[in-house]
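The values are calculated or read from the model by the stated rules, or taken from the named source; none is laboratory data. The shown structure was predicted, so the numbers you read here are calculated from the model rather than taken from an experiment. Ideal geometry is used to build each Cβ from the backbone, glycine not excepted, and the neighbour counts take in all protein chains shown. Accessible surface areas use protein heavy atoms only, side chains included; no ligands, DNA or RNA. Shrake-Rupley method; radii C 1.70, N 1.55, O 1.52, S 1.80 Å.
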Amino acid sequence: KDNELRYRGGICMQRVNMVEYLEMVSNGNLAINVLNHIIIVVALILYFSNVRNKERIVLGAIGILFLSVIGNAIYYGNPFHILTFLIMEGMVIWAFIKFKETDVKQEMNGAVMGISGLFILLGLWYPEFVHTNMVASLMFSPLGLAPCPTLLTCMGILNIILTKVDRKLFICVLGFTIIYGLIGTFSFHVYFDIALLALCAFSIWNLRRV
């Protein structure tokens, strides 16, 4: 409780380290963790069911996850998370408004779909920070609470819909994914975040491919 008060005072980096902050945020309300998983799974089911405006549906789901990170960052007083995810949220809203449904079918590349799906799954499963077992992490990982699992899942989705959404959104989220991947891996020694760097390398290849 004392740590929570310190964080909410906006001085989290001075009193306790960032990994402890992420553990606190990730375990603060596990119902939010589960809800964010449900939102993404439902959005993906609708996307692959070929409903109309399916790209808008997944963009909306990404926007909800980014808002969830922002809300928790405001609550606990983390200005870096607030700023970076506000920028990405603005780009998502812009892409959502700008998006126009067309009758042109998106070319589905099996390798891109499979690799993107793997990164989405890693974000849904992300076994760091939450105090649960490896299996339960599939429902309780800090998706929409901690930046790295959120970016793993959202960047994976953006790779799937890359040819249908504005490239500026893709590049913006990719840039912040690189930053968070480097920070998580080399500053906080959360070595699972190497997956973020692998995702970035794949995303750059995919961007150049199209």
(Q) Treating the chain as a set of equal point scatterers at the Cα positions, no solvent, please give the Debye-formula log₁₀ I(q)/I(0) at q = 0.11 Å⁻¹. (A) -0.48
Q. If you line up the Cα atoms of the range 101-210 on their principal axes, what length do they span on each, largest first, in Å?
A. 46, 27, 22
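Of all the accessible heavy-atom surface of the range 77-210, with the other protein chains kept in place and a 1.4 Å probe, what percent is carbon and sulfur?
Working: 4390 of 6140 Å².
Carbon and sulfur: 72 percent of the exposed surface of the range 77-210.
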Q: With everything on Cα atoms, drop me the angle between helix 167-182 and the longest principal axis of the chain, reported from 0 to 90° to the nearest 10.
A: 30
Q: Sort VAL51, VAL112 by accessible area with a 1.4 Å probe, largest first.
A: VAL51, VAL112
Q) Taking Cα atoms, how many degrees apart are the long axis of helix 147-160 and the longest axis of the chain, rounded to 10 and kept between 0 and 90? A) 0
Q: For the chain, find the longest principal axis of its Cα atoms and tell me its angle to the long axis of helix 79-98, 0 to 90°, nearest 10.
A: 20
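Which whole-number value in Å² is the accessible area per residue of the chain, probe 1.4 Å?
47
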Q: Grab the eigenvalues of the alpha-carbon gyration tensor for the range 109-166, scale each by 5, take roots, and send me the semi-axes largest first in whole angstrom.
A: 24, 12, 6
Q: Springs between alpha-carbon atoms under 10 Å, Gaussian network over the chain: tell me which of ALA111, ALA31, ALA195 tops the mean-square fluctuations.
A: ALA111
Q) Say a site is exposed when it is one of the GluC sites (Glu not before Pro), sits in a DSSP loop, and has at most 13 other Cβ atoms within 10 Å; what is then the longest site-free stretch of the chain? A) 108-210
